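One structure is given here, and the rest of the page talks about it.
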Amino acid sequence: MGENREELQRRLKRWEETVLAEYMKERPESRKEFITTSSVPIRRLYTPLDIPPGHFDQKVGLPGEYPYTRGVHPTMYRGRLWTMRMFSGLGSAEDTNRRFKYLIKHGETGLSVAFDMPTLYGYDTDDDEAKGEFGTCGVAVSSLADMGVLFDGIDIGEISTSMTINAPASVIWAMYLGNAERRGIPFSRLRGTIQNDILKEYQAQKEWIYPPEPSMRLVIDTFEYGSKLVPQWNTISISGYHIREAGATAVQELAFTLRNGIEYVEWAVDRGLKVDEFAPRLSFFFNSHNDLFEEIAKFRAARRIWAREMRETFKAKSPRSWWLRFHTQTAGVSLTAQQPETNIVRVALQGLAAVLGGTQSLHTNSYDEAYQVPNEKAVRIALRTQQILAHETGVVNTVDPLGGSYFIESLTDFMEEEAYKYFERIDKFGGCLPAIKKGFFQQEIANSAYRYQTEIENKERTIVGVNDYVTDEVSVPEPLKISKASFENQLKRLQSLRRSRDRQKHKKSLEKLHDVAAGKGNTMPAILDAVRAHATLGEICSVLREVFGTWKEPLLY
Amino acid sequence: MAKKIRVLIAKPGLDGHDRGAKVIARALRDAGMEVIYTGLRQTPMDIVEAAIQEDVDAIGLSCLSGAHMTLFPEVVKLLRQKGVDDIVVAGGGIIPEDDIPKLKKAGIKAVFGPGTSLEEVVKFFEHAAGK
């Protein structure tokens, strides 16, 4: 092998001095530097010299085996396709229930709920803070009654449901559990995910309620509760998606997400939980942006880093604890308002990267999302894009088709090394919480966002239809409006619930929750009891706000 | 030396998408303006009070949650109620085409959607302050 490398080095040198040099004399390259979407310079050519000796055995290996670079399952999509899961939510629970049924009819295989802003912040629809925000970018769920309507006629004992909810995640989960209970479906049959990743809220998505420490306690409460009582539920989806959308590079997305994952594991272990009892229910969520190879390398590096950290650092014994299972969403931020139909192509390529990267579940964005929550036609095309990837392109035929590519393997190694550099920097702060309080992640993300925008501004980066290939033609997607009737209907249901519930039971349940929150016990049972007593999301979060206080972020840009 | 243009960049309502607001704040600062960034979750009244206290020439509002039709006009209304008519208000975010004329009628001087160049935004605020 050593001799071969020397021979190859000589051959490469000869090629550079002769073939390449002569060619470049006549036809120089169009740019001095070729960079990825994350501004990483990429070389002209990759060869076996970029792969260190022993690389396959130590770093690549076989699918379904440590370090899982090639995928968590031995057969990947030959065994089972990824879950086609379209993030949906608009207006009232009735409106969104209709959208769910529309998508199921057209072949989606998992549900994913987008909540509106008031719900994400733990406010009821009729709260002053909710003014103007009802149903605009998700569905409003203020009570167990709303949750019942949202899943009416859908078999939640069969289909899995992912819910993008963070600060009030335990309350919304309790409503999902409460609804299953009312329908006679045992918790053990429920499959799904709550996002419940509060760290990235402080770093990027910015939908927090309480300060970091009590928020972390609420997250660990769900780990503990879920591992005992809802064994098929993913109690967290550790998310890079929003970190990337806020402006991070692929490396930053990878590094911050996995470091957050490590932080959750540390907190859970500190609580006294056994790693192999909760780690198999940790799941991940990544972005898939424009740069095909950078994204694929990121997904592969993520699996390898996580497997190593879980096995080596946390001494997990069960292979399921080593698996990094993830959902992917195509990059919302890459969608253009100009010539919006071109987004269909962007989404297809980003979806392709996710599949080549071995995702377990995928959401493809709709082409009209630079304007609005998608209309039915746009969302159907987005779902069809996944079906084309699955059934027409042939990419599902073999496992990790790009494994062994000099470029992909080299880029995967690069991603991994850069992620560990960030881990060191975060560790120097004393972990994720001190780094959040000092604005470290926030400043890193803002810097990258500004650099990206400046590159577009200076035309160092071409965005088709935006800073080049511009047309005067205006093409506006068919508008989607949330009706006033939906809002009034939601208010009526909320008011009728407040009138008809058992007042004593309701009051007592909130007092009990207050006591538990002020003490050290697990909050989940008390939250579930409050939900059963028809306490609303806003009422429950008010109690927790009173006990925990609220959070203000460091201001920077 | 000419007085620096002062701009308040604000995030009204519950929306947490602050990438655009921060990029704009930095671009205006790099163009030589004094920028005050309010941070997230500001009520229209918070924004108006900050604008008056900071004596700004213009306000840039950013909203990507769809609540712009309630929040943007409210800022202009409160400014007028306080007798302020020399602060220019502009807005940006995920804003359907249909809403733009309505926002302009409500006193929002300019609406910037996705893909707007930083240069265009800088020019707008330079022009607005030189009114």
Quickly run through region A:384-407 and pick out the residues that are surrounded by fewer than 20 Cβ atoms within 10 Å (Cβ to Cβ) and assigned to a helix (DSSP H, G or I). A:ARG384, A:GLN387, A:ILE388, A:ALA390, A:HIS391, A:TYR406, A:PHE407
The condition of being closer than 28 Å to A:CYS541 by Cα and out of contact with any Pro (no Cβ under 7 Å at 6 or more places or on another chain) holds, among A:ASP155, A:ASP116, only for A:ASP116
Of A:GLU158, A:GLU133, which residue is modelled with pLDDT under 95, of a type in the set (D, E, K, R), out of contact with any Cys (no Cβ under 8 Å at 6 or more places or on another chain) and outside any helix (DSSP H, G or I)? A:GLU133
Could you look through region A:99-135, keep only residues that are in contact with a Phe, Trp or Tyr (Cβ under 8 Å, 6 or more places away or on another chain) and more than 26 Å from A:TRP233 (Cβ to Cβ), and pick out the one that is farthest from the other protein chains (Cβ to nearest Cβ)? A:THR125
State all residues of region A:338-372 that are over 23 Å from A:GLY192 (Cα atoms), of a type in the set (A, V, I, L, M, F, W, C) and either crowded, with 24+ Cβ neighbours inside 10 Å or more than 13 Å from chain B (Cβ to nearest Cβ) (or both); if no residue qualifies, say none. A:ILE344, A:VAL345, A:VAL347, A:ALA348, A:LEU349, A:LEU352, A:ALA353, A:LEU356
Quick one: is B:LYS109 among the charged types (D, E, K, R) and touching a strand residue (DSSP E or B) at 6+ places or on another chain (Cβ under 7 Å)? yes
Among the residues of region B:17-28, which ones are over 26 Å from A:ALA130 (Cα atoms) and within 8 Å of chain A (Cβ to nearest Cβ)? B:VAL23, B:ALA25, B:ARG26, B:ALA27
Within 14 Å of chain B (Cβ to nearest Cβ), over 30 Å from A:ASN260 (Cβ atoms), among the hydroxyl-bearing types (Ser, Thr, Tyr) and buried (at least 16 other Cβ atoms within 10 Å of the Cβ) - does that describe any residue in region A:477-487? yes
Return the only residue of A:THR385, A:THR398, A:THR412 being more than 13 Å from every other protein chain (Cβ to nearest Cβ), under 30 Å from A:LYS101 (Cβ atoms) and hydroxyl-bearing (Ser, Thr, Tyr). A:THR385
Name the pairs whose Cβ atoms lie under 7 Å apart, with the first residue in region A:429-451 and free of Cβ contacts under 8 Å to residues at least 40 places away in the same chain, the second β-branched (Val, Ile, Thr) and outside any loop (DSSP other than H, G, I, E, B), and 6 or more positions between them or separate chains? A:ALA435/A:ILE426
Tell me the residue from A:GLU418, A:GLU376 that is more than 14 Å from chain B (Cβ to nearest Cβ), surrounded by fewer than 22 Cβ atoms within 10 Å (Cβ to Cβ), closer than 22 Å to A:HIS242 by Cβ and in contact with a helix residue (DSSP H, G or I) (Cβ under 9 Å, 6 or more places away or on another chain), please. A:GLU418
Quick check on region A:180-189. Is at least one of its residues farther than 21 Å from A:LYS101 by Cα, surrounded by 22 or more Cβ atoms within 10 Å (Cβ to Cβ) and either out of contact with any strand residue (DSSP E or B) (no Cβ under 8 Å at 6 or more places or on another chain) or acidic (Asp, Glu) (or both)? no
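For residues that are small (Gly, Ala, Ser) and away from chain B (no Cβ under 14 Å), scanning just region A:242-278, find the one that is farthest from A:PHE441 (Cα to Cα).
Initially, region A:242-278 is screened for residues small (Gly, Ala, Ser), giving A:246-248, A:250, A:255, A:261, A:268, A:272.
Filter once more, keeping what is away from chain B (no Cβ under 14 Å): A:250, A:255, A:261, A:268, A:272.
Details: A:ALA250: 14, A:ALA255: 11, A:GLY261: 15, A:ALA268: 22, A:GLY272: 28 Å.
Looking at the filtered set, the residue picked out is A:GLY272.
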Check region A:427-443 and report whether any residue there is surrounded by fewer than 21 Cβ atoms within 10 Å (Cβ to Cβ), more than 18 Å from A:LYS298 (Cβ to Cβ) and within 13 Å of chain B (Cβ to nearest Cβ). yes
Residue list for region A:457-473, filter: at the interface with chain B (Cβ under 8 Å from one of its Cβ atoms) and either without any contact (Cβ under 8 Å) to a residue 40 or more places away in the chain or over 30 Å from B:ARG29 (Cα atoms) (or both): A:GLU457, A:ASN467
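Of everything in region B:31-41, what is at the interface with chain A (Cβ under 9 Å from one of its Cβ atoms) and either within 17 Å of B:SER117 (Cα to Cα) or not charged (D, E, K, R) (or both)? Give them in sequence order. Don't jump to the end; show me each part of the working.
Step one: filter region B:31-41 for residues at the interface with chain A (Cβ under 9 Å from one of its Cβ atoms), giving B:35, B:37-41.
Scanning region B:31-41 gives B:VAL35, B:TYR37, B:THR38, B:GLY39, B:LEU40.
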Restricting attention to region A:1-57, report how many residues are among the β-branched types (Val, Ile, Thr), assigned to a loop (DSSP other than H, G, I, E, B) and closer than 30 Å to A:TYR450 by Cβ. 4
Condition set under 23 Å from the mean Cα position of the chain (by Cα) and charged (D, E, K, R), scope region A:307-335, selection farthest from the other protein chains (Cβ to nearest Cβ): answer is A:ARG320
Just to verify a result, which residue in region A:136-148, among those that are away from every other protein chain (no Cβ under 14 Å) and within 26 Å of the chain's Cα centre (by Cα), is surrounded by the fewest Cβ atoms within 10 Å (Cβ to Cβ)? A:GLY148
Lone qualifier among A:GLN453, A:GLN443 - being assigned to a helix (DSSP H, G or I), within 20 Å of A:TYR371 (Cα to Cα) and touching a Leu at 6+ places or on another chain (Cβ under 9 Å): A:GLN453
For region A:336-345, does any single residue satisfy the condition of being in contact (Cβ under 8 Å) with a residue 60 or more places away in the chain, under 17 Å from the mean Cα position of the chain (by Cα) and not in a helix (DSSP H, G or I)? no
Which pairs do you get when a residue that is farther than 22 Å from A:ASN375 by Cα, found in region A:482-495, comes within reach of a residue that is of a type in the set (A, V, I, L, M) and part of a helix (DSSP H, G or I), reach meaning Cβ atoms under 6 angstrom, with the pair 6+ apart or on two chains? A:ARG493/A:ALA145
Based on this model, can you work out whether B:ARG6 counts as surrounded by 18 or more Cβ atoms within 10 Å (Cβ to Cβ) and within 12 Å of another protein chain (Cβ to nearest Cβ)? no
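The values are calculated or read from the model by the stated rules, or taken from the named source; none is laboratory data. Not measured: the values here are computed from a predicted model. No Cβ is skipped: glycine too gets one built from the backbone with ideal geometry, and neighbour counts run over all protein chains shown.
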